[in-house]
Amino acid sequence: MKVESVLDLIGNTPMVGIHSISPNKNVKIYLKLEGQNPVGSSKDRVALSMILDAENKGILKPGNTIVEPSSGNTGVGLALVSILKGYKLVVVCAENVTQERKDLLRSFGAKIEFSPGNLGSNGAIARAKELAEQNPDWVMLYQYGNESNPVTHVNATAPEILRDCPEIDVFVAGLGTSGTLMGCSRYFKEHNPDVKIVAVEPPAGESVSGLRSLEDGFVPEIFQADLIDRKFMIKNDESIEVTRCLLSECGLFVGVSTGAIVAGAIKQAQSMEQGTIVAISPDSGWKYLSAGIWANRIEEVIEESKSTNFW
């Protein structure tokens with residue numbers, strides 16, 4: 001495949017079967033690998049969609065500064081598009097985001113404004129709004145309320161899934177901005193209304209990177225409860241356990257939010273007699289290395305290597 005710009009590589013991500021970890025041999029589970037996007041997440045789609053829409057509406061003009069709250073992935077996607085289109089970017093992140101995300105944002109020339117870690121993404125949203133008010137010439141695209149967020153999944157993500165897996169019975173995604181859930185649900189309900197939509201979120205007060213609990217007091221403006229058929233609460237410990245399992249059993253190096261989403265897909269499979277589930281893997285594992293998720297496994301390999309004279 002030959003393309004003219006790295007932006008042309010956004011989308012058309014592959015799907016892979018993870019049937020070996022399905023609790024029901026009659027239920028297949030496929031994972032759509034959004035980490036295969038250019039800077040590693042489904043948010044590459046959202047970033048490009050929001051910027052193109054703002055340009056078309058005359059909201060964004062050459063040389064403008066964009067400010068956006070992000071747990072990391074949307075910020076990185078915006079940094080990619082901004083560096084190619086000549087925009088300045090300020091990303092507001094909770095101070096406890098992983099070092100990899102900070103380094104990646106700065107590598108693309110983005111400036112980072114930190115919000116208190118204990119306030120999570122809600123704190124980042126509040127601080128970004130403050131900065132936008134203090135700097136009226138800055139543009140906040142605001143993924144939580146921007147219709148371009150779900151629309152990119154209506155136009156691309158969901159059609160890709162139905163094209164590659166027409167036998168889909170259930171779609172599973174995480175609740176973050178809710179863009180993937182809302183956009184894919186809209187498309188499926190129009191083109192294949194038999195597809196059930198399952199959301200995954202952490203319990204109130206518990207952090208799973210990239211996901212949020214609606215019970216924590218902030219509901220994204222783009223969220224519509226009636227577009228979801230079922231919801232699972234997945235704790236952080238369970239998310240990490242499944243993330244490790246995806247690596248050891250399926251060879252997939254993915255982020256923690258993927259672990260949570262697959263945990264939800266596993267629970268869904270337990271309640272089905274047969275069928276096909278497609279789950280979203282929002283990103284790959286590279287941005288989580290410093291979080292120590294795989295630390296025990298790495299230590300085991302080092303000790304094994306020492307005992308076999310590899311060291």
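Just so it is clear, none of the values below were taken in a lab; they were calculated from the coordinates. Model, not experiment: these values are computed from the prediction. FYI the Cβ positions are ideal-geometry reconstructions off the backbone, even for glycines, and counts take in every protein chain you see.
Remark: spin-label model distance Leu52-Glu133 equals 3.4 nm, labels positioned 7 Å along the Cα→Cβ axis.
List the trypsin sites (Lys or Arg not before Pro) within the stretch 1-110 that DSSP assigns to loop and that have no more than 14 neighbouring Cβ atoms inside 10 Å. For trypsin sites (Lys or Arg not before Pro) across the stretch 1-110 that sit outside H, G, I, E and B with at most 14 neighbouring Cβ atoms in 10 Å, the list reads Lys2, Lys25, Lys57. Quick note on the stretch 120-259: its Rg to Rh ratio, both from C-alpha atoms and Rh being the Kirkwood radius, is 1.00. A Cβ-based charge dipole, computed about the Cα centre of the stretch 43-134 with Lys and Arg at +1 and Asp and Glu at -1, lands at about 180 debye. Only alpha carbons enter this Debye calculation for the stretch 63-204, each as an equal point scatterer, and the log10 of I(q)/I(0) it gives at q = 0.11, 0.13 Å⁻¹ is -0.48, -0.65. By the count of other C-beta atoms within 10 Å, a proxy for reagent exposure, Ile66, Ile59 are ordered fewest to most as Ile59, Ile66.
Dipole of the chain computed with +1 at Lys/Arg Cβ and -1 at Asp/Glu Cβ about the Cα centre; of Ile51, Tyr142, Gln270, farthest Cα towards the positive end is Ile51.
With all pairs of separate Cα atoms included, the chain yields a Kirkwood hydrodynamic radius of 19.8 Å.
When only the Cβ of Lys, Arg, Asp and Glu is charged (+1, +1, -1, -1), the dipole of the stretch 1-55 relative to its Cα centre reaches about 480 debye. Placing a pseudo-label 7 Å from each Cα along the Cα-to-Cβ vector at Gln99 and Ser271 gives an inter-label distance of 4.1 nm. Here, the stretch 43-134 has an Rg and a Dmax of 12.4, 37 Å when only alpha carbons are counted. Projecting the Cα atoms of Ser178, Ser5, Ala110 onto the charge dipole of the chain, computed from C-beta unit charges around the Cα centre, puts Ser5 farthest toward the positive end. Working from Cα pairs under 8 Å separated by at least six residues, relative contact order for the chain is 20 percent. In terms of the mean number of neighbouring beta-carbon atoms within 10 Å, the peptides 179-187, 139-147, 221-229, 108-116 order highest first as 179-187, 139-147, 108-116, 221-229. Evaluated at q = 0.15, 0.16, 0.19 Å⁻¹, the base-10 log of the normalised Debye intensity for the stretch 185-301, with identical point scatterers placed on the Cα atoms, takes the values -0.73, -0.82, -1.09. Computed over the chain with a Gaussian network model linking Cα atoms closer than 10 Å, the most mobile of Ala295, Ala79, Ala47 is Ala295. When only the Cβ of Lys, Arg, Asp and Glu is charged (+1, +1, -1, -1), the dipole of the chain relative to its Cα centre reaches about 400 debye. Residues Val195, Val219, ranked from the fewest to the most other C-beta atoms within 10 Å, line up as Val219, Val195. For the pairs Lys189/Lys235; Lys25/Lys231; Lys102/Lys287; Lys43/Lys189; Lys43/Lys102, flag any whose C-alpha to C-alpha distance is greater than 19 Å. In this structure, Lys189/Lys235; Lys25/Lys231; Lys43/Lys189 exceed 19 Å between Cα atoms.
In the chain, helical runs assigned H by DSSP with n ≥ 4 each contribute -39500 (n - 2.57); averaged across all residues and rounded to the nearest 500, the mean residue ellipticity at 222 nm is -12000 deg cm²/dmol.
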